[in-house]
1. If each of PHE112 and ASN199 carries a label point 7 Å out from its Cα toward its Cβ, how far apart are those two points in nm?
2. Lys and Arg at +1, Asp and Glu at -1: add these up for the other residues within a Cβ distance under 14 Å of ASN197 and post the number.
3. Taking the Cα atoms of the range 3-77 alone, what are Rg (to one decimal) and Dmax (as a whole number) in Å?
4. Output ³J(HN,Hα) for the range 188-198: one whole-Hz value per residue in order, computed from phi by the Karplus curve 6.51 cos²θ - 1.76 cosθ + 1.60 with θ = phi - 60°, and x for Gly and Pro.
5. Counting alpha carbon pairs within less than 8 Å and at least 6 residues apart, what relative contact order, in whole percent, applies to the range 3-77?
6. Each residue of the range 170-182 in turn: what ³J(HN,Hα) in whole Hz from Karplus with 6.51, -1.76, 1.60 and θ = phi - 60°, glycine and Pro shown as x?
7. Spelling out what I want: for every residue of the range 55-69, take phi, set θ = phi - 60°, compute 6.51 cos²θ - 1.76 cosθ + 1.60 (Karplus), and round to whole Hz; glycine and proline get x.
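Since every read-out is calculated from the coordinates, none of them should be taken as a lab result. Source: prediction; values computed, not measured. All Cβ positions, glycine included, derive from the backbone under ideal geometry; neighbour counts span all protein chains shown.
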Amino acid sequence: MESEQFLTYINTSKSLNGETLDEAKKLTVDFPWFSGGWLLYLKNLKKLGHADYDAVLKKVAVMVPDRKVLFKFLNDELPKKHVETSIENAPATYRLEGDVELQAENSLIDKFLSINSERLRTVKHNQDTNGNGGEKWIVDQSVIEDEELVTETLASIYFQQKNFDKALDAYKKLSLKYPEKSVYFAGRIEEIELLKNNN
């Protein structure tokens, strides 16, 4: 089966018949991991009312990440009736015959972009109110440390950087957080205080 012929079969279900069923089955045998071939085969089985339709549907349903898309693909010949269009940004709702309701939903990417556009508006607002382009606010936000995230590695890094005050705070928090190692942390605290006093 040529790619152009395959695309024609996928796009127009009217051209599906017994001959195309054999071609689609051969496609699934030759390329078993090609989900497009399985979709064509499934649609052809449905069009012909074949007995193998239910078994193949179970197999193909696993391959398709969005079952709503599969449903729409298999039932594209059902007439759509526009039920309602609410406010501008709200998705339109459609009802198919058989009283099955489908709703056009925003994709995950659209949701992500809408959330991030809100953040960008916040940054823009801060740029306008600060008068300095908001860069200071962004820098300040990036440097804020979470006091709960204290580890021995972080305390060791503070010590190696000779940032003795932060290292002392980190080891004191670790001593409270892990009382079973408090003797070790007490030794580290004492060592840091000696170095701090000598410098």
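1. Taking the simple label geometry, PHE112 and ASN199 are separated by 4.2 nm.
2. -2
3. Every Cα atom of the range 3-77 included, Rg and Dmax give 11.2, 29 Å.
4. Working through the residues one at a time gives 5, 4, 5, 4, 5, 4, 5, 5, 5, 6, 6 Hz.
5. Value for the range 3-77: 25 percent.
6. 5, 5, 5, 5, 5, 4, 6, 6, 10, x, 5, 10, 4
7. Once θ is set to phi - 60°, the couplings for the range 55-69 become 5, 6, 4, 4, 6, 6, 4, 6, 7, 9, x, 10, 5, 5, 5 Hz.
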